[in-house]
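Accompanying notes for the structure given below.
Rule-based calculations on the coordinates, nothing more; no lab input. Just so you know, these numbers come straight off a predicted model, no measurement behind them. Every residue, glycine as well, gets a Cβ built from its backbone with ideal geometry; the counts of neighbours run over all protein chains shown.
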Amino acid sequence: MIEAIGLTKRYGSKVAVQDLSFTAEPGHVTGFLGPNGAGKSTTMRMMLGLDAPTSGDVRIDGKRYAELKHPLHTVGALLEAKWVHPNRSARSHLRWMARANGISNKRVDEVLGQVGLSEVAGKKAGGFSLGMSQRLGIATALLGDPQVLLFDEPVNGLDPEGIHWIRRFMQGLAAEGRTVLVSSHLLSEMAQTAEELVVIGRGKLLAQCSTRELVEGAGRGEVLVRTPDTAKLEELVRGEGFGVRSDSDGGLVVEGTETARIGELAAENRIVLHELTQQRGSLEDAFMQMTGDDVEYQTSLGGSAELTGQGVAR
């Protein structure tokens, strides 16, 4: 379990993290989300004792990181994929880490197999692609068979097969009862991976809830309806006080209502419906509603300069 308690970090006059408290529980993948500059990486560094908090505390399984006798056996982390010495092979890097932490070489071969690097274990890390470096970083995190795992942008550089693999892999780790905290800007991927979410903006907690709760809270309250009597239905829904607009395929999008009311209205007036669909929000919709005022940069159109088709780019 991870507990952040009133965590604050200042760099001079700049407050990177402000009175941040949240938990990540065993048995779940917890997504750690926020716009660029929200304080996610700083928070994760404080969890690992790489940065000292100005105030507040972080506990991993009830202890500060500095109090752990064998840290790699308690918590594994991937914060930077390319930190490995370029002239070391994947195997020699892991053996060096293992030797320093009293771990057998057998475990090295096990984790290389887990992340799919067995065939390139003898190659120098400097020649690895970003995706292969990510896999080596994950292998390093797993080396001590820890119960707590921290991953910062673990799908960077991975192809679609690799992204699918890391999603299933993290979910499998959580299913074993481990605590998995993962930071990512790929919101579509987080929607499929994380059961729980911690959302921060400008260093402050904005929400901690399940992914489902966050997405449902961003429901757009819109209904897509298709009918051969478009004009008649449009007149009726406007008469009910609902907003309505046409979509690109000739259907109607009715705002501020549910499918049940539109279905009843159509039935009462003998209108045939070809489609009646509640429009649901997405994690990206929920994220943008929640963090729209907390991004570092805004475009001239009023949107985040960091948005991509898949989410928010770092």
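List of remarks:
- 149, 143, 273 arranged by Cβ crowding within 10 Å, fewest neighbours leading: 273, 143, 149
- Computed magnitude of the charge dipole of the stretch 220-279 (debye, nearest 20; Cβ of K, R +1, Cβ of D, E -1): 40 debye
- Value of Rg/Rh across the stretch 1-132 [Cα atoms, Kirkwood radius]: 1.02
- Efficiency of FRET from Cβ geometry, residue 247 and residue 48, R₀ 30 Å, rounded to 0.05: 0.05
- Within the stretch 80-142, the percentage of alpha carbon pairs spaced more than 20 angstrom apart rounds to 12%.
- Ranked packing of 33-44, 228-239, most packed first, by mean Cβ within 10 Å: 33-44, 228-239
- Unit Cα scatterers, Debye sum, the stretch 106-169: log10 I(q)/I(0) for q = 0.17, 0.26 Å⁻¹: -0.56, -1.29
- The charge dipole of the stretch 1-62, taken about its Cα centre with unit charges on the Cβ of Lys, Arg, Asp and Glu (plus for the first two, minus for the last two), comes to roughly 320 debye.
- Between the C-alpha center of the stretch 158-228 and that of the stretch 1-77 there is a gap of 20 Å.
- Computed log₁₀ I(q)/I(0) - Debye formula, equal Cα scatterers, no solvent, the stretch 137-254, q 0.10, 0.12, 0.22 Å⁻¹: -0.52, -0.64, -1.22
- Cα-based convex hull volume of the stretch 57-193 per residue, rounded to whole Å³: 113 Å³
- Counting Lys and Arg as +1 and Asp and Glu as -1 over every other residue whose Cβ lies under 14 Å from the Cβ of residue 210, the net charge comes to -4.
- Reachable lysines, given that their alpha-carbon falls under 28 Å from the alpha-carbon of residue 40 and they are not under 8 places away in the same chain: 9, 14, 63, 69, 82, 204
- Cβ-based exposure ranking for 65, 11, in which fewest neighbours within 10 Å come first: 11, 65
- Dipole orientation for the stretch 2-216: of the candidates 154, 87, 4, 87 has the Cα lying most toward the positive pole (charges on Cβ; Lys, Arg +1; Asp, Glu -1).
- Cα-only radius of gyration and Dmax that characterise the chain, units Å: 23.8, 77
- Gaussian network model of the chain, Cα within-10 Å springs - most flexible of 125, 77, 267: 267
- Per-residue Cβ neighbour rank within 10 angstrom, fewest leading, 274, 28: 274, 28
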